Structures are given as structure tokens and as C-alpha cells.
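In what follows, a single structure is set out as C-alpha cells and then discussed.
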Amino acid sequence: AQTVTQSQPEMSVQEAETVTLSCTYDTSESDYYLFWYKQPPSRQMILVIRQEAYKQQNATENRFSVNFQKAAKSFSLKISDSQLGDAAMYFCAYRSFQGAQKLVFGQGTRLTINP
Amino acid sequence: DTAVSQTPKYLVTQMGNDKSIKCEQNLGHDTMYWYKQDSKKFLKIMFSYNNKELIINETVPNRFSPKSPDKAHLNLHINSLELGDSAVYFCASSRDSWTGELFFGEGSRLTVL
């Protein structure tokens, strides 16, 4: 079974600075999706960014970018120019391409933005 | 319009009661899910339906019974509620059962006293 590990329970960053959240995963498959979701205090789960494993190019969405290292099974999220609204729980998630598959989540990283 | 909507958003009830949470999606997706988020924020799949057919059933007590009357709706009924059932329950949908991201509802916080 696939597992996702986020080794940083909490992170903090100064407003306008850059922060990187770590994620590693374990799988024997070659094709899969990886995602970062954000959960602010409002509780809503919001998709931040997605990456297909067959794509070598790292995904970017405005201030959010990933460093996808397939061989190392690593999928970190970089947030540039951090804003107060970025404060949230961030979850890394894995989804297989094969068959009916669920989204498997990491334990989450709580990100605090210091003004 | 909310893409994935759940009701109620908050539910407080006594042990032993039966309760239901409803979910509807207007995205035209084929697949819907129930996830449970515990007090440590860990999210775990409970069930998944594809076009009204159950396709994922994790090791969930049989007090939990999902029902999908059509592909836009997935309800969760819980019998004989226990203290450990207190959690936030998220409904989600995806275009199909094998591709892409999940779109989540706002969650339903269940508190069992």
C-alpha cells in the first residue's frame, strides 16, 4: 500500500519570505498523481497544485511550485513571497493511476506566517 | 454555486443515536467519496462510489452505511453513535475513479457526547 510522509508537523515563515514543505511517499508504481492541498481554519480543503508523475517538468501555480524528484520519491512544496492568507494546514497526497483509487494523505504540516 | 455541499455542517448528538450527513455535487462527476478527519487532522478514506456503485470500502464499522441514490448524491448514515465517531467528515468528488484531483465539501463536524 502507498504511504505518504510529511516529516514537518509545523513550520513558520516570515511574511514575504520563502518556505519549503517536505513530502516523501512510498510506491512501487510508475504512474501516479501527487497533490498539495491546503486546509485553512475555515476547514475547506483547497487544491494548491498537482503533478503527474510522467511529467518531468515541475508544476507551478503562481507563488506555489513543487520540486518533484521521482527517483527519490520526494515532492516538496515551495511557497514564495509568503502571505498571511497562506497560513493553513498543508497536506501532501498521492493517487495511483491504476483502477479505482483513493487519495492517500500525509499527516499534514501546519504553516504559520509571522507578520 | 457550491460545487460539493454537505449538510449539516455541525452536528452534536448523544451516544447511541443515529444520524445522517448528506452530500451533493453539481460538477457532473462520476465518483464520490467520504473521508474522516480525526482530532489529529489525519484524513482517511471511508467509502467511494462510482456511478452509484460502491468501489471502495475501507475497514469501517458496519454502523456506517453510505447510500448513493444517484451519482450526484452520496449520503452517510451512522447508527449507534460512539464517542470515537467524533470527527470531521468530508465528502468529495472526482471526475472519475482513476484520474485527477478530488474536490472537497466544507466538512461536517460531528460531536458525540
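Taken about its Cα centre, the protein assembly as shown carries a charge dipole of about 240 debye when Lys and Arg each add +1 at the Cβ and Asp and Glu each add -1 at the Cβ. Taking 0.36 nm per residue of separation and subtracting the current Cα-Cα distance, fully stretching the chain between B:Ser5 and B:Asp18 would add 2.6 nm. In this structure, the pairs whose alpha-carbon distance is over 30 Å, taken from A:Lys70/B:Lys71; A:Lys55/B:Lys22; A:Lys55/B:Lys67; A:Lys78/B:Lys52; A:Lys78/B:Lys9; A:Lys78/A:Lys102, are A:Lys70/B:Lys71; A:Lys55/B:Lys22; A:Lys55/B:Lys67; A:Lys78/B:Lys52; A:Lys78/B:Lys9. Taken about its Cα centre, the range A:45-115 carries a charge dipole of about 280 debye when Lys and Arg each add +1 at the Cβ and Asp and Glu each add -1 at the Cβ. Using 0.36 nm per residue and subtracting the Cα-Cα separation, the extra length available between B:Phe42 and B:Asn57 on full extension is 3.6 nm. Given +1 at the Cβ of Lys and Arg, -1 at the Cβ of Asp and Glu and no other charges, the dipole of chain B around its Cα centre is 260 debye to the nearest 20. Extension gain, A:Gln98-A:Arg63: 0.36 nm per intervening residue step, less the Cα-Cα distance, totals 9.5 nm. Contact order for chain B, expressed relative to its length and based on alpha carbon pairs under 8 Å spaced 6+ residues apart, stands at 37 percent. Relative intensity of the protein assembly as shown on a log10 scale, I(q)/I(0) at q = 0.07, 0.08, 0.12 Å⁻¹, equals -0.22, -0.29, -0.66, per a Debye sum over C-alpha point scatterers of equal strength in the absence of solvent. A straight Cα-to-Cα reach below 18 Å connects A:Lys38 with the aspartates and glutamates A:Glu10, A:Glu15, A:Glu61, A:Asp81, A:Asp86, B:Asp38, B:Glu101, B:Glu106, residues fewer than 8 places away in its own chain not being considered.
Any read-out appearing in this document is the output of simple, stated calculations on the displayed coordinates, not a laboratory observation. Since this is a predicted model, take the numbers as computed values, not measurements. Cβ coordinates were reconstructed from backbone atoms using ideal geometry, including for glycine residues, and neighbour counts include every protein chain displayed.
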